[in-house]
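Engineer: Below: one structure in structure tokens.
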Amino acid sequence: MKFETPAGKNPIDQLKVVGRATSRIDGRLKTTGNAPYAYEQHDVAAHQAYGFVVGAAIAKGRITAMDTTLARAAPGVVAVIGTLDHAQPLPKSRFNTAHLFGGPQVEHYHQAIALVVADSFEQARAAAALIRTDYAREPGQFDLAKAAPDAPLVPGSKGKPDVARVGDFDTAFTQAPVQLDRSYTTPDESHAMMEPHATIAAWDGDRLTVWTSNQMIAWGKASLATTLGMPPEKIRLNAPFIGGGFGGKLFIRADVVLAALGAKAAGRPVKLALTRPMMMNNTTHRPATIQRVRLGATRDGKLTAIAHSSASGDLPGGDPEAAVSQTQLLYAAPHRETFMKLAVLDLPEGNAMRAPGEAPGLMVLEMAMDEMAEKLGMDPVEFRILNDTQVDPAKPDRSFSQRHLIECLRTGAEKFGWSKRNPKPAQVREGRWLIGMGVAAGFRNNLLMKSAARIRLERGGRLTVETDMTDIGTGSYTILAQTAAEMMGVPLDAVTVKLGDSDFPASAGSGGQWGGNNSTAGLYAACVKLRAMVAQTLGLSENAHFADGKVIEGEKALPLAQAAREGPLTAEDLIEYGTLDKQYQQSTFASHFVEAAVDAYTGETRIRRMLAVCDAGRILNPKAARSQVIGAMTMGVGAALSEELAVDKRFGYFVNHDLAGYEVAVHADIPHQEVMFLDYPDDKSSPMKAKGVGELGLCGVGAAIANAIYNATGVRVRDYPITLDKHLEHLPVLA
Amino acid sequence: MKSGDAFGFSRRGVLVGGSAAGAVLVHAGPVQAAPAKGDVPVTMPVSLEVNGTRHDLQLDTRTTLLDALREHLHLIGTKKGCDHGQCGACTVIVNGERINSCLSLALQHQGDKVTTIEGLGTPDKLHPMQAAFIEHDGFQCGYCTPGQICSAVAVLGEIRRGVPSHVQEDIVAAPAVSNQELRERMSGNICRCGAYSNIMEAMQHVAGESA
Ligand code: FES
Ligand code: FES
């Protein structure tokens with residue numbers, strides 16, 4: 001099905017199942033420990049051996065020798081693979097920046113350099129410690145602040161100029177009566193999903209099956225084929241349950257490559273997981289940024305000039321953290337300028353983490369907006385509303401498909417009690433606590449990606465949905481079941497959903513908050529086909545409607561199951577998109593409100609209240625969507641207050657590479673969270689009229705926290721995370 | 001204690017100096033002698049009572065309780081998030097107390113009664129806490145969830161028994177089932193999906209019903 005014109009009325013609009021708060025259909029499995037994750041599929045292949053991965057102990061250089069003699073002789077060892085067994089690195093897919101394995105070169109710390117396979121985990125681990133490696137270390141660049149000034153501009157995509165300009169920023173900024181020019185930093189961050197990267201690999205002749213933890217099955221299959229130099233059709237990837245990804249499992253990693261190599265060498269299935277201390281340097285991370293924002297405004301608060309630039313680093317051939325993208329679309333101003341610089345750093349690979357670009361970009365832009373509002377003596381909510389735009393500022397005849405940011409801000413302000421905020425910072429006290437409120441806007445684009453699915457009407461009337469879509473905690477199982485139930489007129493529990501298998505039709509996968517809308521739209525297309533097949537089988541026209549397990553036309557009401565009396569009916573289709581996302585800017589919007597308390601004696605911050613109001617099209621399952629948003633808000637608390645990969649600038653690695661040193665938010669950090677969804681189905685996004693929501697909740701929340709802290713303390717910290725040492729000295733003296 | 005200082009340098013310091021000078025040779029690896037080929041791992045017998053069933057196992061002495069459950073009994077509900085006592089995904093209830101099963105060796109648990117998530121309830125017969133987690137959507141990816149649920153059940157028990165926590169105003173008074181109290185006691189269980197707010201609702205729900 002090609003989606004080229006805005007969606008008209010369709011069966012989804014009935015909202016008998018879709019749009020209702022629905023408990024997850026996989027909930028019983030997950031809460032009872034019966035959902036098998038990658039490492040746990042004991043019964044898929046007999047006689048599984050255990051792999052243990054060894055990581056490089058230097059950040060850059062060459063391996064001159066590796067002695068595996070002791071490891072090979074160790075008890076229980078079945079196979080040892082060293083990186084020098086391969087003269088060259090294994091080919092990498094277009095999604096990987098650093099090589100995953102092979103050859104003498106070390107590109108980053110903890111890059112995989114060896115695998116030990118043994119009968120037991122304990123034996124593999126012990127033997128891995130017996131490998132002796134000699135390195136020739138080379139100097140590397142590990143310091144973004146040092147490298148940034150000389151870093152080259154990032155070329156504009158698709159032939160666009162390096163510096164994106166609208167109007168004449170320099171002149172407008174110089175002439176602006178009120179100006180703000182500030183620099184900010186955001187640190188390297190780690191996905192730190194709870195399930196480590198893990199794989200079981202089994203060969204059957206020249207065919208390979210991997211049970212792994214990956215967000216993008218079709219990409220993973222193609223990438224693995226490239227890296228292993230084999231035809232993709234000989235590979236099957238299976239990931240029915242994924243213990244979190246957040247972008248860290250978009251691409252294949254060393255676990256799946258080494259499990260495959262290990263299984264080949266061992267002549268039996270191999271299972272392995274990256275150890276927690278290896279994950280943060282072996283895999284990808286969100287790169288640190290140094291950003292600068294310049295805002296020019298009239299005295300009554302109209303922005304006339306906006307500039308945003310960002311510098312980040314990555315390995316050679318890597319990508320920038322696109323922290324300036326939202327600034328091209330969020331606020332009106334006739335004169336604008338954005339650009340990025342990318343330094344070569346020899347740290348581990350930087351890559352996508354939840355809301356790449358917008359997450360650190362909005363932490364900065366929305367702090368700058370707060371500073372500007374204060375300079376103007378304006379309320380930060382009103383300042384944002386005054387500078388709203390309903391069109392793409394660079395192409396004023398291109399409007400947003402839907403944009404209700406103003407309503408997000410007004411509704412949020414009302415609900416949160418924003419009018420009680422004292423605009424003067426450091427005025428509100430409760431005992432030892434300094435209290436403040438902060439606001440920020442959230443913004444993230446809605447991406448359209450083609451997505452396929454298959455649906456089968458079984459004998460007896462049950463429905464089975466099959467697609468390689470993944471559920472990484474997003475609730476895919478449930479919204480796909482809701483979609484099928486709504487389209488075919490059956491109750492939710494008449495639908496079985498099977499996901500994450502590369503033998504199923506290729507979906508959009510889980511990333512960039514595109515999974516929900518696109519995967520359900522793909523299933524919608526398959527359901528339209530199945531409805532036609534059912535109607536034809538039953539001798540009805542395409543006007544028949546499907547409800548209560550029946551197919552109804554005029555006087556006739558036939559049981560749906562009757563259509564499968566002779567055998568199952570299977571329909572497969574995909575959704576593809578025309579140019580609606582070119583004609584219209586499709587984005588999602590939010591307002592974030594936060595109340596923070598800062599201990600006047602210790603500088604410790606406590607988040608007291610959080611509210612997000614989201615404008616993200618039709619919400620398919622308000623229960624799971626709310627969870628996506630609160631989860632993202634929680635990640636935003638970590639980003640604002642505690643998360644930072646500490647760079648050892650001498651040796652070139654992240655020092656705090658485990659969950660004790662890298663501090664994500666825990667229960668004690670998170671208060672009760674409120675989420676509201678505005679109800680604006682977007683007919684230009686897909687037949688589902690839904691948009692992404694999984695990343696929106698993270699966009700802007702960090703700045704709302706920072707602004708609340710400033711309102712509490714009067715101390716502006718522009719280097720995230722806002723740890724107590726950064727403001728303690730400057731806190732107001734207690735009377 | 002400062003043996004490295006006796007020589008006026010540390011291993012790290014040598015490496016720093018070396019890297020400043022350009023390429024430098026570094027070794028990483030063992031200094032101990034190799035075990036002889038054919039050595040068998042040292043195993044010992046242990047009996048555990050897991051979810052009411054006795055299991056007599058012969059285990060590598062290095063096997064953690066966590067791996068005994070996951071790899072030997074195939075009770076995959078107990079999760080390995082870090083293997084270092086940093087995340088709580090491996091929480092199980094041993095003789096009535098919750099512990100991180102990655103932090104103890106299986107052999108330390110001779111005769112112990114272990115309750116895992118599978119022992120609390122099944123898909124057809126949910127424990128009230130499991131049902132409350134589903135109703136309040138107290139999870140997303142589900143990987144931390146068995147640990148959260150085992151902790152949640154144990155925490156309500158701790159509060160009932162009057163086990164104090166450091167957020168209590170009065171440490172000798174009976175602890176309350178307050179949001180702050182629950183959050184404090186649950187903070188050893190990380191949920192990167194960020195379901196905390198919903199987990200609190202699930203726990204309050206169960207606490208309210210059993211109160
Ligand atoms: S696996 Fe035991 S605490 Fe993380
Ligand atoms: S549900 Fe994913 S980590 Fe808690």
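Engineer: Do we have any residue at all in the range A:165-187 that's under 30 Å from A:L258 (Cβ atoms) and not aromatic (F, W, Y)?
Structural biologist: Scanning the range A:165-187, I find at least one residue that is under 30 Å from A:L258 (Cβ atoms) and not aromatic (F, W, Y), so the answer is yes.
Engineer: Starting from the range B:79-96, take each residue that is more than 7 Å from chain A (Cβ to nearest Cβ) and list its partners that are more than 6 Å from ligand 1 (Cβ to nearest atom) and aromatic (F, W, Y), counting only C-beta distances under 7 angstrom and pairs at least six apart or across chains.
Structural biologist: Correct list of pairs: B:K79/B:Y143.
Engineer: Now a separate question. What residue, among those in the range A:234-261 that are surrounded by fewer than 24 Cβ atoms within 10 Å (Cβ to Cβ) and charged (D, E, K, R), is nearest to A:V117 (Cα to Cα)?
Structural biologist: A:R236
Engineer: Oh, and also: May I ask you to list the residues in the range B:80-113 that are part of a loop (DSSP other than H, G, I, E, B) and near ligand 1 (Cβ under 7 Å from one of its atoms)?
Structural biologist: Hits for the range B:80-113 are B:K80, B:G81, B:C82, B:D83, B:H84, B:G85, B:Q86, B:C87, B:G88, B:A89, B:C90.
Engineer: Is one or more of the residues making up the range A:624-639 surrounded by fewer than 24 Cβ atoms within 10 Å (Cβ to Cβ) and more than 16 Å from ligand 2 (Cβ to nearest atom)?
Structural biologist: Within the range A:624-639, not a single residue is surrounded by fewer than 24 Cβ atoms within 10 Å (Cβ to Cβ) and more than 16 Å from ligand 2 (Cβ to nearest atom).
Engineer: Something else about it: From the list B:G121, B:G147, which residue is small (G, A, S) and out of contact with any strand residue (DSSP E or B) (no Cβ under 9 Å at 6 or more places or on another chain)?
Structural biologist: From the options B:G121, B:G147, the qualifying one is B:G121.
Engineer: Would you check which residues across the range B:116-137 are more than 19 Å from B:S101 (Cβ to Cβ) and either more than 8 Å from every other protein chain (Cβ to nearest Cβ) or away from ligand 2 (no atom under 16 Å from the Cβ) (or both) and list them?
Structural biologist: Scanning the range B:116-137 gives B:T122, B:P123, B:D124, B:K125, B:L126, B:P128, B:A131, B:A132, B:H136.
Engineer: Of everything in the range A:462-498, what is within 14 Å of chain B (Cβ to nearest Cβ), farther than 11 Å from A:I25 by Cβ and hydrophobic (A, V, I, L, M, F, W, C)? Give them in sequence order.
Structural biologist: Passing the criteria: only A:I472.
Engineer: Which of (1) under 21 Å from the mean Cα position of the chain (by Cα); (2) in a strand (DSSP E or B); (3) closer than 18 Å to A:D719 by Cα does A:G638 not meet, given it meets every other one?
Structural biologist: The failed condition is (2).
Engineer: Given the conditions (1) within 25 Å of B:L66 (Cα to Cα); (2) outside the structural domain of B:S101 (by TED's automatic domain parsing), which single one is not true for B:T115?
Structural biologist: With (1) within 25 Å of B:L66 (Cα to Cα); (2) outside the structural domain of B:S101 (by TED's automatic domain parsing) applied to B:T115, the lone miss is (2).
Engineer: Please tell me if A:R207 is basic (K, R), touching a residue at least 40 places away in the same chain (Cβ under 8 Å) and not assigned by TED's automatic domain parsing to the domain that holds A:G638.
Structural biologist: Criteria not met by A:R207.
Engineer: Still on this structure, I have one more. Look through the range B:64-78, keep the residues that are touching a Pro at 6+ places or on another chain (Cβ under 7 Å) and more than 10 Å from ligand 1 (Cβ to nearest atom), and return whichever of them is nearest to the other protein chains (Cβ to nearest Cβ).
Structural biologist: Per the criteria, the residue is B:G77.
Engineer: Is it the case that A:R125 is surrounded by fewer than 21 Cβ atoms within 10 Å (Cβ to Cβ) and either touching a residue at least 40 places away in the same chain (Cβ under 8 Å) or away from chain B (no Cβ under 13 Å) (or both)?
Structural biologist: Here the answer is yes, as A:R125 does meet what is asked.
Engineer: Let me ask something additional. Of all the residues that make up the range A:652-674, how many are facing chain B (nearest Cβ under 7 Å) and in contact (Cβ under 8 Å) with a residue 60 or more places away in the chain?
Structural biologist: 6
Engineer: Can you tell me which of A:G262, A:G243, A:G229 is within 14 Å of chain B (Cβ to nearest Cβ) and not β-branched (V, I, T)?
Structural biologist: Selected residue: A:G243, the only one of A:G262, A:G243, A:G229 that is within 14 Å of chain B (Cβ to nearest Cβ) and not β-branched (V, I, T).
Engineer: What's the number of the only condition in (1) touching a Leu at 6+ places or on another chain (Cβ under 6 Å); (2) part of a strand (DSSP E or B) that A:D397 fails to meet?
Structural biologist: (1)
Engineer: Across the range A:181-199, what is the total count of residues that are assigned to a strand (DSSP E or B) and within 14 Å of another protein chain (Cβ to nearest Cβ)?
Structural biologist: Residues flagged as assigned to a strand (DSSP E or B) and within 14 Å of another protein chain (Cβ to nearest Cβ) within the range A:181-199 amount to 2.
Engineer: Right, another one. Only one of these is under 30 Å from A:M378 (Cα atoms) and touching a strand residue (DSSP E or B) at 6+ places or on another chain (Cβ under 8 Å): A:A254, A:A176, A:A198. Name it.
Structural biologist: A:A176 is the lone residue from the list that is under 30 Å from A:M378 (Cα atoms) and touching a strand residue (DSSP E or B) at 6+ places or on another chain (Cβ under 8 Å).
Engineer: Regarding the range A:436-455, can at least one residue be identified that is modelled with pLDDT of 95 or more and in a helix (DSSP H, G or I)?
Structural biologist: Within the range A:436-455, none of the residues are modelled with pLDDT of 95 or more and in a helix (DSSP H, G or I).
Results for (1) more than 30 Å from A:E430 (Cα to Cα); (2) among the aliphatic types (A, V, I, L, M), shown as yes or no for each residue.
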{"site": "A:Q583", "(1), (2)": "yes, no"}
{"site": "A:S587", "(1), (2)": "yes, no"}
{"site": "A:H592", "(1), (2)": "no, no"}
{"site": "A:R609", "(1), (2)": "no, no"}
{"site": "A:A625", "(1), (2)": "yes, yes"}
{"site": "A:A639", "(1), (2)": "no, yes"}
{"site": "A:V655", "(1), (2)": "yes, yes"}
{"site": "A:V664", "(1), (2)": "no, yes"}
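Engineer: A further question on this structure: Right, A:A118: in contact (Cβ under 8 Å) with a residue 24 or more places away in the chain and facing chain B (nearest Cβ under 9 Å) or not?
Structural biologist: Taking the combined requirement at face value, the residue does not satisfy it.
Here's the yes/no breakdown for (1) crowded, with 21+ Cβ neighbours inside 10 Å; (2) of a type in the set (S, T, Y); (3) facing another protein chain (nearest Cβ under 9 Å); (4) assigned to a helix (DSSP H, G or I):
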site: A:T22; (1), (2), (3), (4): yes, yes, no, no
site: A:G33; (1), (2), (3), (4): yes, no, yes, no
site: A:Y39; (1), (2), (3), (4): yes, yes, yes, yes
site: A:D43; (1), (2), (3), (4): no, no, yes, no
site: A:F52; (1), (2), (3), (4): yes, no, no, no
site: A:R62; (1), (2), (3), (4): no, no, yes, no
site: A:R72; (1), (2), (3), (4): no, no, yes, yes
site: A:V80; (1), (2), (3), (4): yes, no, no, no
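Engineer: Under the condition of being within 16 Å of ligand 2 (Cβ to nearest atom) and touching a residue at least 60 places away in the same chain (Cβ under 8 Å), which residue from the range B:153-211 is nearest to A:R276 (Cα to Cα)?
Structural biologist: Out of the qualifying residues, it is B:I190.
The values are calculated or read from the model by the stated rules, or taken from the named source; none is laboratory data. Model, not experiment: these values are computed from the prediction. FYI the Cβ positions are ideal-geometry reconstructions off the backbone, even for glycines, and counts take in every protein chain you see.
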